[in-house]
Amino acid sequence: MTQRIRLTRPHGETMMDDPRAILDAEPMSRFQWIVVAIMIGLNALDGFDVLSISFASPGIAAAWHVKRDALGLVLSMELIGMAVGSILLGRLADRSGRRRVMLVCLAIMAAGMIGASTAGGVKTLSGWRLLTGLGIGGMLAATNAAVAEVTNADRRSIAVVLMAGGYPVGTIVGGLASSWLLARYDWRAIFVFGGVVTACFIPLVLWRAPESIAFLMHRRPPDALSRINATLRRMGHATVERLVLLDATVRPSIGLAALFSGTVARRTVLLTLAYLAHVMTFYFILKWIPKIVVDMGFSPPLAAGVLVWASVGGAAGAGTLGLLTARARLLWLTVTAMLFSTGLVIWFGQGQKDLAGLSLVAAAAGFATNAGIVGLYGLMAQAFPTELRATATGFIIGVGRGGSALAPALAGWLFATGNGLPAVATIMALGSAVGAAALFADRRTLAVLG
């Protein structure tokens, strides 16, 4: 029997049910876990779509005779698109709904991937990658908020961590598929595969991913009560007769300026800095592994295999961090992961004599870098209220990934100016150290949340 949660209206006139309290208190239903699984799949698409250019880069460089510095710019284009998409579409997700933005982003991502397969040169390819990044950026902000708002209080942290862990799963599946495709076709097949799989998620979201109850409570469209009750029934929870009144101090429409006022300003700044710095290190590893391995004398399919091992390590890091959230504070787990990331990326830069050694080091670096990423997603989901959650996540991801677009380009420039892999890896590893320092600077606030 489901539990009835009764709350008093702000002015105490009557008692009524609050669906947000029902979600927080009730056990997770199968339907809720299905929604979480879909969000994991959407984040896996992000993982594959982002790294598709990395899998394809050796073939692109060979076909078009692209130099390292120019290739670094191509590798950065979808990160620039993500910056714009995260901020603009993340804010839209707080205004128009998480589900609607997810569907728009899926359409954009599918079009960008298919378009990339038709590119005839670097400029055209860069344009399609920019479009793909726009969709990915908005998707990240919407899914992070959607997972936080479909889960109960006890499972919220681990659900967000699992969602973020979909990223390396996508790179594993994408890497295996890319290795198979590259052995039979050219680099264009990778983008065709990604576009088709992305498009297949559109009917799945329409079928099994309802709009967030917390969003409907906050925005209050005319049919909010009927939509909320329909979702509660699908979850197997009790329905409500009326909707509890919102606190009069909560504004229905809040812009980016709210992120830099009141109690959230400090955590906005420090979480943004932490994410920006750490993803600089993260994307150096993920974007440059295939080209570095090919330059060591291995074939493109084998290079894609090394990247798969980095993703296997990343998936293990996400899962391990998720399990540890039941025993330790998310903040300290994230800081620890970032410190390990610093050391392991420097180790990667020392080079290895054989493919097995490269794969081992790549897996270890992937474990730590991705654990740090999923920890940051968990902190973002808890650090902001419903009316700011997608906006804040979108802003942090937008600034972070926009800034991280410099990572592949900076590494390419460092290589082009004569620096060897050990020096480049050491410089790029410092991002994780800066990220850990930023979280430590706000440890009192974030330790309570995480």
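The values are calculated or read from the model by the stated rules, or taken from the named source; none is laboratory data. Small disclaimer: the values here were computed from a predicted structure and weren't measured. With ideal geometry, Cβ positions are generated from the backbone for all residues, glycine too; neighbour counts draw on all protein chains shown. Side chains included, ligands, DNA and RNA excluded: accessible areas come from the protein's heavy atoms. Shrake-Rupley method; radii C 1.70, N 1.55, O 1.52, S 1.80 Å.
The table below gives the values:
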| quantity | calculated |
| --- | --- |
| Top-ranked residue of the stretch 102-134 - restricted to ones that are under 22 Å from G72 (Cβ atoms) and among the polar types (S, T, N, Q), ranked as surrounded by the fewest Cβ atoms within 10 Å (Cβ to Cβ) | T124 |
| Residues located in the stretch 135-166, provided they are of a type in the set (A, V, I, L, M), open to solvent by less than 10 Å² (accessible area, probe 1.4 Å) and under 23 Å from V399 (Cα atoms) | I136, M139, L140, A141, A142, A145, V147, A148, V160, V161, M163, A164 |
| Some residue of the stretch 304-326 being part of a helix (DSSP H, G or I), within 19 Å of A274 (Cβ to Cβ) and among the β-branched types (V, I, T) | no |
| Considering residues of the stretch 393-450 that are in a loop (DSSP other than H, G, I, E, B) and closer than 27 Å to G137 by Cα only, the residue modelled with the lowest pLDDT | G450 |
| Near pairs, Cβ below 7 angstrom, 6+ apart or cross-chain, from the stretch 252-265 (within 10 Å of A392 (Cα to Cα)) to any residue that is part of a loop (DSSP other than H, G, I, E, B) and at pLDDT 80 or above | V264/F384 |
| Test: residue in the stretch 90-107 that is small (G, A, S) and within 23 Å of F55 (Cα to Cα) | yes |
| The stretch 397-428, residues that are within 20 Å of the chain's Cα centre (by Cα) and either under 29 Å from F384 (Cα atoms) or aliphatic (A, V, I, L, M) (or both) | I397, G398, V399, G400, R401, G402, G403, S404, A405, L406, A407 |
| Residue tally, condition at pLDDT below 65 and either open to solvent by less than 60 Å² (accessible area, probe 1.4 Å) or of a type in the set (D, E) (or both), over the stretch 247-275 | 4 |
| Test result for L331, of a type outside the set (V, I, T) and over 29 Å from D94 (Cα atoms) | no |
| Qualifying helices (runs of 4 or more DSSP H) (wholly inside the stretch 148-208; at least 3 residues being at pLDDT 95 or above) | 188-208 |
| Number of the condition not met by M28 [criteria: (1) part of a helix (DSSP H, G or I); (2) open to solvent by less than 40 Å² (accessible area, probe 1.4 Å); (3) in contact (Cβ under 8 Å) with a residue 40 or more places away in the chain; (4) not hydroxyl-bearing (S, T, Y)] | (1) |
| Verdict on A189 being within 19 Å of G305 (Cβ to Cβ) and among the hydrophobic types (A, V, I, L, M, F, W, C) | yes |
| Condition broken by D69, with the remaining ones in (1) at pLDDT 75 or above; (2) out of contact with any Asp or Glu (no Cβ under 8 Å at 6 or more places or on another chain); (3) on the phi < 0 side of the Ramachandran plot satisfied | (1) |
| Flag for R98 being open to solvent by 50 Å² or more (accessible area, probe 1.4 Å), touching a Ser or Thr at 6+ places or on another chain (Cβ under 7 Å) and either without any contact (Cβ under 8 Å) to a residue 12 or more places away in the chain or under 30 Å from I213 (Cα atoms) (or both) | no |
| Tally of residues being over 15 Å from A409 (Cβ atoms) and open to solvent by 10 Å² or more (accessible area, probe 1.4 Å) across the stretch 78-93 | 6 |
| Filter result for T281 (of a type outside the set (D, E), under 19 Å from the mean Cα position of the chain (by Cα) and farther than 30 Å from W413 by Cβ) | no |
| Verdict on G59 being more than 18 Å from A392 (Cα to Cα), part of a helix (DSSP H, G or I) and open to solvent by less than 60 Å² (accessible area, probe 1.4 Å) | yes |
| Selection status of V169, within 15 Å of the chain's Cα centre (by Cα) and open to solvent by 10 Å² or more (accessible area, probe 1.4 Å) | yes |
